[in-house]
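Peer 1: Structure in structure tokens, see below.
The values are calculated or read from the model by the stated rules, or taken from the named source; none is laboratory data. Remember, it's a predicted structure, so these values are computed and weren't measured experimentally. With ideal geometry, Cβ positions are generated from the backbone for all residues, glycine too; neighbour counts draw on all protein chains shown.
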Amino acid sequence: MVSTEDKVCVKNLADDCELSDEALELLANELRSEEVGTDSIHALLELIRPAAELGEELEALRERLVDAFAGIIKCSGPLRLRKTGPRIMATVGPTGVGKTTTIAKLAAMYALNRGARVAMVTTDNFRVGAVEQLKTYSKIMDVPLEVAATAKELEAVLAKHADKDLILIDTAGRSPKDREKLEELKVYLESCPGIETYLCISATTRDREMNEIVAQYSLLPITRLLFTKLDESESYGCIVNAQVRNRFPLSYFTTGQKVPEDIEVATARKLANLVLRETEK
Ligand SMILES: Nc1nc2c(ncn2[C@@H]2O[C@H](COP(=O)(O)OP(=O)(O)OP(=O)(O)O)[C@@H](O)[C@H]2O)c(=O)[nH]1
Ligand SMILES: [Mg+2]
């Protein structure tokens with residue numbers, strides 16, 4: 001026979017479960033409204049479920065959820081300079097996402113703020129004004145700029161700047177649908193060893209398009225994701241989805257047009273606070 005004490009205990013447990021389900025459902029809704037994918041929501045909530053089942057309050061659970069992002073989101077940290085030889089990074093991505101601006105921000109950050117020896121390279125010699133955009137930054141920052149349109153030219157430029165700490169390569173925007181141009185870019189980037197390729201995507205991109213961009217650009221030797229225009233985005237779930245689905249670590253977030261200040265190293269906590277609309281503590 002079930003005792004009264006047992007009945008109370010079972011009832012309390014059921015109440016706790018209902019409360020924990022309610023809290024988890026509320027948090028799931030917050031994530032859903034930010035367009036975080038079902039797969040990521042599930043993974044995040046599983047990490048905080050034990051605390052929810054112990055009856056933790058909603059606010060404490062939300063704080064735990066911020067921490068849980070670190071359990072599912074992979075970030076690379078900043079570009080680390082090497083003791084010997086230059087670190088070489090290239091930005092690639094769809095047109096107009098902010099690749100050139102990002103190169104200028106990184107050049108300024110490393111050359112001006114950290115005193116590193118930096119060179120910039122652009123592949124883009126065919127569009128009116130494309131070289132001028134970086135030339136202006138090159139003059140202001142006193143950082144050399146080279147044009148290397150072919151793999152052979154790139155090889156020569158990299159050899160010329162072998163004494164630098166950091167070489168930043170800016171490529172022309174390509175539509176993810178333009179397979180031929182992407183094939184060309186692949187040959188270019190793979191022609192020289194040691195180039196780290198950062199796929200730049202605007203945070204305003206919708207989930208479906210983003211999947212298409214990552215799928216098409218995966219033809220290239222992508223090593224990192226870099227999200228731009230966070231300041232223009234209404235939601236941040238697509239950043240979570242892109243990282244979790246593709247496993248390329250997140251590198252930087254850019255947050256405006258100003259060079260060099262509008263760039264931040266991507267962290268799981270920063271992303272969590274953006275998604276959950278919390279201010280960084
Ligand atoms: N709001 C906002 N604007 C940005 C950001 N990054 C770049 N931009 C702006 O976006 C526009 C395009 O930037 P670019 O750096 O030329 O973009 P791109 O990817 O090099 O473009 P293409 O070379 O034509 O493919 C410029 O007006 C930049 O000022 C950002 O983080 N936030
Ligand atoms: Mg550009």
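Peer 1: Can you report the number of residues in segment 201-221 which are under 23 Å from VAL157 (Cα atoms) and of a type in the set (A, V, I, L, M, F, W, C)?
Peer 2: 1
Rundown of residues vs (1) in contact with an Asp or Glu (Cβ under 7 Å, 6 or more places away or on another chain); (2) of a type outside the set (Asp, Glu), yes/no style:
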site	(1), (2)
MET89	yes, yes
THR102	no, yes
MET109	no, yes
LEU112	no, yes
GLY129	no, yes
LYS139	no, yes
GLU155	no, no
LYS160	no, yes
LEU168	no, yes
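Peer 1: Give me a count of the residues in segment 145-181 that are of a type in the set (Gly, Ala, Ser), in a loop (DSSP other than H, G, I, E, B) and surrounded by 14 or more Cβ atoms within 10 Å (Cβ to Cβ).
Peer 2: Within segment 145-181, residues that are of a type in the set (Gly, Ala, Ser), in a loop (DSSP other than H, G, I, E, B) and surrounded by 14 or more Cβ atoms within 10 Å (Cβ to Cβ) number 4.
Peer 1: Further, regarding this structure: Filter segment 79-130 down to residues that are part of a loop (DSSP other than H, G, I, E, B), surrounded by 19 or more Cβ atoms within 10 Å (Cβ to Cβ) and either outside the structural domain of GLU190 (by TED's automatic domain parsing) or more than 16 Å from ligand 1 (Cβ to nearest atom) (or both), then give me how many there are.
Peer 2: 2
Peer 1: Any idea which of (1) touching a residue at least 60 places away in the same chain (Cβ under 8 Å); (2) closer than 17 Å to LYS181 by Cα is the one ALA151 doesn't satisfy?
Peer 2: Result: ALA151 fails condition (1) only.
Peer 1: Okay, next question. Collect the residues in segment 141-173 that are within 14 Å of ligand 1 (Cβ to nearest atom) and in contact with a Gly (Cβ under 8 Å, 6 or more places away or on another chain), keeping them in residue-number order.
Peer 2: Once the filter is applied, which keeps residues that are within 14 Å of ligand 1 (Cβ to nearest atom) and in contact with a Gly (Cβ under 8 Å, 6 or more places away or on another chain), segment 141-173 yields only GLY173.
Peer 1: Next question, about the same structure. Which of the residues spanning segment 172-193 are touching a strand residue (DSSP E or B) at 6+ places or on another chain (Cβ under 9 Å) and of a type in the set (Gly, Ala, Ser)?
Peer 2: ALA172, GLY173
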